[in-house]
Amino acid sequence: MKTTLDELQAFAAVVDGGSITAAAERLGQTVSGISRSLGRLEQKLATTLLRRTTRRLELTEEGEVFLARARQILAAVDEAEEQMAARREQPAGRLRVDAATPFMLHVIAPLVDSYRAAHPQVMLELHSNEGINDLIEHRTDVAFRIGTLRDSTLHARPLGSSRVRVLASPAYLARCGAPRRLQDLAGHTLLGFTQPEALNDWPLRTPEGTPLRIAPAIASSSGETLRQLALAGTGIVCLSDFMTLEDRRSGRLVPLFVRQSLDIRQAIHAVYYRNTALSSRITSFLDHVVQRLGPRAFEA
């Protein structure tokens, strides 16, 4: 059997207090409890640590050697506990964050500098994955997910929702004209996603009353790639507000079908495993993101 921390504490307290009674009072235990701890410790070590006389307890030579190592162990534990307490007050260590490339570029990256200024001891690792990856397998602390969540093992903190819009660049519209009716889209270059198929449902009502499912002429797995294609005047795209806010404000991308568009939004969550005890790194980062984005995040 291995020596326990309680037994080491009892041994050191007896030596420091000079008696089992004093050690019991110091540790808030019974005299019999301290005596049993000492007995178990000596039995495990197969040696006598203390000589018991009618007046006092004296360390044996083996006891003196073992006491020095026991104090080192107890001091190391105290130091580790102090470090953990300090981390709760001042976040520190490595924080692995995962998000799809567009969300990482347009939402997370602009917040990194201000977060690091507030928490300089946190080392950020930023990973961009277009698909839904296993958080534990990829050693991810917190991830940002767009759309419907399906993994019930995740704890989700909602951050808001982002509307999707049909957009094109002024250069494309000048060259190809602006579509006015849904039927007009058949004569245009449509940019869409390779997967999931649901991302090719545009917020335009069909005669059946459902969103329009388009067949893209050019498809990509990356929303940022589609954005760049649209900015280059390649075609018409449907993207989420969080990644096109500045493009729309500057006029680089122009909304189409404004009056006919449905108000369809993508839910955005920060996720982490339910059985994970939240470290101060995770909570501080999420609190910073929520505070910086504000109560009307992604709305424009």
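Each principal axis of the stretch 14-55 carries a Cα extent, and these read 27, 21, 16 Å when sorted largest first. Remark: the chain carries 56 Å² of accessible area per residue (probe radius 1.4 Å; ligands, DNA and RNA excluded). In this label model, ARG181 and GLN121 are separated by 6.7 nm, measuring between points 7 Å along each Cα→Cβ vector.
About its Cα centre, the chain has a charge dipole of approximately 760 debye under the convention of +1 per Lys or Arg Cβ and -1 per Asp or Glu Cβ, with nothing else charged. Length gained on full extension, VAL77 to ALA22: 17.5 nm, using 0.36 nm per residue less the C-alpha separation.
Considering only GLN183, VAL77, LEU286, the residue lying farthest towards the positive end of the dipole of the chain is GLN183, judged by Cα position with unit charges set on Cβ.
Ranked by the mean number of other Cβ atoms within 10 Å of their residues, highest first, the peptides 43-52, 71-80 come out as 43-52, 71-80. For the stretch 284-298, backbone phi angles converted through the Karplus equation (6.51, -1.76, 1.60; θ = phi - 60°) give residue-by-residue couplings of 5, 5, 5, 4, 5, 4, 4, 5, 6, 6, x, x, 10, 4, 6 Hz, Gly and Pro being listed as x. Between SER221 and ALA68, the modelled label-to-label distance comes to 6.1 nm, taking each label 7 Å out from Cα in the direction of the beta carbon. Averaged over residues, the count of other Cβ atoms within 10 Å places the peptides 154-165, 106-117 in the sequence 154-165, 106-117, highest first.
The values are calculated or read from the model by the stated rules, or taken from the named source; none is laboratory data. In this text the structure is predicted, and so the values were computed from the model without any measurement. Neighbour counts run over all protein chains shown; Cβ positions are idealised from the backbone, glycine included. In case anyone asks, the SASA skips ligands and DNA or RNA and just uses the protein heavy atoms, side chains included. Shrake-Rupley method; radii C 1.70, N 1.55, O 1.52, S 1.80 Å.
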